[in-house]
Amino acid sequence: MSESRKLQKEAMHMLKLTSRTFYIPISLLKPNLKKTVASAYLCMRAIDEIEDHEELDSETKQRLLRSTSELLKSDFDQKAYRELLKAYESLLPEVTLRLGDWISICPPDIVEEVKKSTGIMADGMAKWAEKDWHIKTKEDLDDYTYYVAGLVGVMLSDIWRWYDGTETDYELAIGYGRGLQAVNILRNQGEDSERGVNFVPDGWNRDDMFQYTENNLAKADEYMKDIHTRNIQLFCQIPLALAKRTVKALKEGREKISRNEVETIVEDIRND
């Protein structure tokens, strides 16, 4: 097996370990698109693990994220990256340590867009680490969700255009990402509160947060209208359907949807 094929196989395995939500739709993509989206997702997951890490202090997170962002602005220097992380190798997960591998499997004519979005995300995450993730207003929430999730939508839109010329609206793409992130905020509100983090604006109640989530998921529905490639449609429909079902479950007082519900949703979309 060639080194490239080996890395692609490892990327899919890593994806399965790190994201149940995205592993399923990515695994259904055609080979070149699957490799590209897997690479892009893992690049963003690599830096997300730095931002979320419970044992790293805020200043360390800021330094690692900003330095990684700088490395992403030119030919990625894997040696410099590993040197940057050296003191934290025992703490950080494999998906983060192997950022250079995920970049290397991305096709050369789209990799710069993937690096650009990932670098902007890392900078934005550093900014919010500096603010101690204190979200006071809707504008703050929009800014935070843009960096941690809206940029995923932007990056995917770049990939669709590169793949077959599919043109999508960037603002709607950002809404798609924000909607998925808002579902996570609703789902993890209690857990976040226990660790002293609150992503809900001052003065908002849970209903306000549901409204924000549903407004953004409505933008995701609009985003879908520009996509006519069946393979891409399938990819986008699955996380969106899972997010909507999760909102319904949360309103019913459940913490999450069951594995059986996930499987039914995926099968229904595949057979549609």
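The values are calculated or read from the model by the stated rules, or taken from the named source; none is laboratory data. None of these values were measured; they are calculated from a predicted model. For neighbour counting, all protein chains shown are included, and Cβ atoms are generated from backbone atoms with ideal geometry for every residue, glycine included. Heads up: the accessible areas ignore ligands, DNA and RNA and are worked out on the full protein's heavy atoms, side chains in. Shrake-Rupley method; radii C 1.70, N 1.55, O 1.52, S 1.80 Å.
Averaged over its residues, the range 133-271 has an accessible area of 48 Å² per residue, based on protein heavy atoms and a 1.4 Å probe. Rolling a 1.4 Å probe over the protein heavy atoms of the chain, with every protein chain left in place, gives an accessible area that is 46 percent carbon and sulfur.
The distance separating the Cα centre of the range 191-266 from that of the range 85-163 comes to 20 Å.
For the range 1-111, the relative contact order works out to 35 percent when only alpha carbon pairs closer than 8 Å and six or more residues apart are counted.
Residue separation of His134 and Lys86 scaled by 0.36 nm, minus their Cα-Cα distance, works out to 14.3 nm of gained length. By the Stokes-Einstein formula, at 1.567 mPa s and 4 °C, the chain with its Kirkwood radius over alpha-carbon pairs has D equal to 68 µm²/s.
Return the distance in nm (one decimal) between the two label points of a simple spin-label model at Asp207 and Lys116, each offset 7 Å from Cα along Cα→Cβ. Roughly 4.3 nm, to one decimal.
Taking a Cβ cut-off of under 12 Å around Ile105, the surrounding Lys, Arg, Asp and Glu residues balance to a net charge of +3, with basic ones at +1 and acidic ones at -1. Segment Asn188..Ser74, full-extension length gain: 37.5 nm, with 0.36 nm per residue of separation and the alpha-carbon distance subtracted. In the range 171-272, Cα pairs under 8 Å separated by at least six residues give a relative contact order of 34 percent.
For the chain, adding -39500 (n - 2.57) for each run of n ≥ 4 DSSP H residues and dividing by the number of residues yields -23000 deg cm²/dmol at 222 nm.
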